[in-house]
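Worksheet for the structure shown next.
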Amino acid sequence: MMEHVLTPENLAEHLRMVVATGKIGVWDLDLTTGHAWRNARHDEIFGYEEQLPEWTYDQFLEHVVEADRERVDGLNKAAMEAGEPWSFECRIDTSTGERRWIFAHGEPLQDHSGATIKFIGHVIDITKTKEAEEQLRLVTDELNHRVSNFANMLLSIIKLSAKGSPAVEEFAATLADRIKVLARNQVIRPDEQSAGVTAARIIEAEISPFVTGEDRFVADFDEDILLRERMAQNFSLVVHELLTNACKYGALSSSQGMVAITLKRTENPRRARFRWTETGGPEVTESGMPGFGTKLIRTVLGGAVDIDYCKTGFRCEFLVDVLA
């Protein structure tokens, strides 16, 4: 195997290949004149397709966004006085108006008296890295927000479920069902463009386990109604509670019972009216829907809720905040 020996000639060529492959802008700033030598990639980073005839420190500062300019200039002066490297990240506006992030690093070169007369360094475009970092931060913040909301909702469910369950077994079963609702709701993701959850999808997901060969549900709702994520969680729990109580005490406990569900926009584009009407089931009383169900419907949604325990069947009606 032949040994590859680096000579001054092929070493220079090797360095040129590294700079080109890494898309590195190279510069040499004369602090006495303010003028800089640089390679073509340097000017490309600042938005110039062809290399400019000259480049100065003042030109560079003009490209730095105003919010970062004073900091970058201060770092330059401090590094020059201390004879230390000049290293920074900042935002720039290119010649085409594009906003980019750059990282630059310059090593000081001193004269015989020890005064810094030059910075020789490089600059790279780190825009994609910064965008990825920002996306990660947003995802992390959103995840923390979701976990916090989920935990708070879970604590509320545990407290209210415990109050309405006389036996440990009943409490465990009820709690398990309600946690499943929350978990199921996590699968229904918000639309990326609108950041809303389709209310119709929530209703369909909740009633699907109860749909059999017999037509027990009559659904009539506007397909384009979107809910904010927190409202979607609450709405999902309410629909589940209505279904659970319909199976235990209402229309779905009878072979002849039916449930009509409507969700329609009101004259206010930010509100929709939800109606739940049971028919064909046993006669109901207010005691037939104890504990968590009534409390959740009356309090979690926030606002007036009309609940009617009429002899022909249980009815519930309320307004929901929606995305316009």
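The values are calculated or read from the model by the stated rules, or taken from the named source; none is laboratory data. Quantities reported herein were computed from a predicted structural model and do not represent experimental measurements. Please note: Cβ atoms are built from the backbone with ideal geometry, for glycine as well, and neighbour counts cover all protein chains shown.
Annotations for the structure displayed:
- Of residues in the stretch 69-86 being out of contact with any Asp or Glu (no Cβ under 9 Å at 6 or more places or on another chain) and basic (Lys, Arg), the one nearest to Ala115 (Cα to Cα): Lys77
- Residue within the stretch 190-206 that is more than 23 Å from Leu319 (Cα to Cα) and at pLDDT below 70 present: yes
- Cross-chain or 6+ apart pairs with Cβ under 6 Å, the stretch 89-107 first and within 22 Å of Ala79 (Cβ to Cβ), then among the polar types (S, T, N, Q) and surrounded by 15 or more Cβ atoms within 10 Å (Cβ to Cβ): Trp101/Thr127
- Elements of type strands (runs of 3 or more DSSP E) in the stretch 1-111, at least 3 residues being at pLDDT 95 or above: 86-93, 99-110
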